[in-house]
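Below: the structure, in structure tokens.
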Amino acid sequence: MRVAASVEFIGSSFSGWQKQINVNTIQGEIEKALFSLTNKKISLTAAGRTDAGVHALNQIIHFDVDIIRPMNSWVKGLNAHLPELIRIKWAAIVSDKFHARYSAKSREYQYLLLSQPIASAVWSGRCGWTFYDLNYDLLLSAANKFLGEHNFEAFRSSECQAKSPIRTIRTVKVEKFNSFFLFTFIGDGFLHHQIRNMMATIIKVGRGEMNLDYIEELFEKKNRHLVPATFSPNGLYLANIEYDESFNLPAHNNQLNIFKI
């Protein structure tokens, strides 16, 4: 039996998603919880890996088990064995054809950025921060430069293992809430550090230190060294993952815009 589940987590206290030896990771904690619940070693697969410090409103996983139990039992049982910064939101039986990673049609990330002179203690680790004054119109124009299909070679890390740097971003949104900016990116997939490098570039344009048209040069030159330093992971959230309706996953529309009713 294949079970799919949604995971919400705050990544500040973990060394990213992927299981590693002698460090705390999200995958490692969930697999330990599965063992505590079933007394079996069960491997799980996720829709995508997240870096240390990155959060999720809706990471989708799947795992195979030969144990029959109600879905709410999986949710409550796993949560009872997980640290409070990781929560299973729902679980559902899915077809063996479902694959958390390869069945995904699109991924949505949101980045929460605070722009004010002093960093926030309350929001520490939960949002990115800059002390620069930012121009909303410039931020929006810069973000929109990433719409469409591009070669993101300049915007991925040297450790990225993706075979192709070509990615398509179909939706970009920038919202302002007092001193906060919320960026939304929806695409077919994202490269290692791509969004954080995009954010570094967008912020530099937004503070008037980079010409808007230079983003097109970055696409053309494909040189990582020309892109500003990778921005903080703290404000990055994996928000929504789209699958074909035939898999009958619970409906979801996770939004970080907590400042609107």
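The values are calculated or read from the model by the stated rules, or taken from the named source; none is laboratory data. None of the values given here were measured: they were computed from a predicted structure. Please note: Cβ atoms are built from the backbone with ideal geometry, for glycine as well, and neighbour counts cover all protein chains shown. Each accessible area value is taken on the protein alone, full model and side chains, heavy atoms only, with ligands, DNA and RNA left out. Shrake-Rupley method; radii C 1.70, N 1.55, O 1.52, S 1.80 Å.
In the condition set (1) outside any helix (DSSP H, G or I); (2) in contact (Cβ under 8 Å) with a residue 40 or more places away in the chain; (3) more than 21 Å from Asn254 (Cα to Cα), Ser15 is compliant with all but (2). The condition of being in contact with a Ser or Thr (Cβ under 8 Å, 6 or more places away or on another chain), aromatic (Phe, Trp, Tyr) and touching a residue at least 60 places away in the same chain (Cβ under 8 Å) holds for only one of Phe231, Phe190, Phe219, Phe247, that being Phe247. Checking each residue in segment 29-61 for being within 24 Å of His193 (Cα to Cα) and not hydrophobic (A, V, I, L, M, F, W, C) picks out Glu29, Thr45, Gly48, Arg49, Thr50, Asp51, Gly53, His55, Asn58, Gln59. Can you name the residue in segment 1-37 that is open to solvent by less than 20 Å² (accessible area, probe 1.4 Å) and among the polar types (S, T, N, Q) and, of all such residues, is nearest to the chain's Cα centre (by Cα)? It comes out as Ser6. Scanning segment 175-195 for residues that are out of contact with any strand residue (DSSP E or B) (no Cβ under 9 Å at 6 or more places or on another chain) and hydroxyl-bearing (Ser, Thr, Tyr) returns no hits.
When Leu226 is tested against the conditions (1) within 22 Å of Lys105 (Cα to Cα); (2) in contact (Cβ under 8 Å) with a residue 60 or more places away in the chain, the lone failure is (1). Here His81 meets each of (1) over 26 Å from Gly206 (Cβ atoms); (2) open to solvent by 50 Å² or more (accessible area, probe 1.4 Å); (3) within 16 Å of the chain's Cα centre (by Cα) with one exception, condition (3). If you go through segment 94-118 and keep only what is under 28 Å from Arg207 (Cβ atoms), surrounded by fewer than 17 Cβ atoms within 10 Å (Cβ to Cβ) and either touching a Lys or Arg at 6+ places or on another chain (Cβ under 6 Å) or of a type in the set (A, V, I, L, M) (or both), you end up with just Ile118.
The selection criterion, being of a type outside the set (Phe, Trp, Tyr), touching a strand residue (DSSP E or B) at 6+ places or on another chain (Cβ under 9 Å) and over 23 Å from Ala251 (Cα atoms), holds for Gly53.
For segment 68-78, a residue qualifies if it is out of contact with any helix residue (DSSP H, G or I) (no Cβ under 6 Å at 6 or more places or on another chain) and either farther than 23 Å from Tyr243 by Cβ or without any contact (Cβ under 8 Å) to a residue 24 or more places away in the chain (or both), and the qualifying residues are Ile68, Arg69, Pro70, Asn72, Ser73, Lys76. For segment 45-62, indicate whether the set of residues that are of a type outside the set (A, V, I, L, M, F, W, C), free of Cβ contacts under 8 Å to residues at least 12 places away in the same chain and out of contact with any Gly (no Cβ under 8 Å at 6 or more places or on another chain) is non-empty. Within segment 45-62 (the criterion being of a type outside the set (A, V, I, L, M, F, W, C), free of Cβ contacts under 8 Å to residues at least 12 places away in the same chain and out of contact with any Gly (no Cβ under 8 Å at 6 or more places or on another chain)), the answer is no, since none of the residues qualifies.
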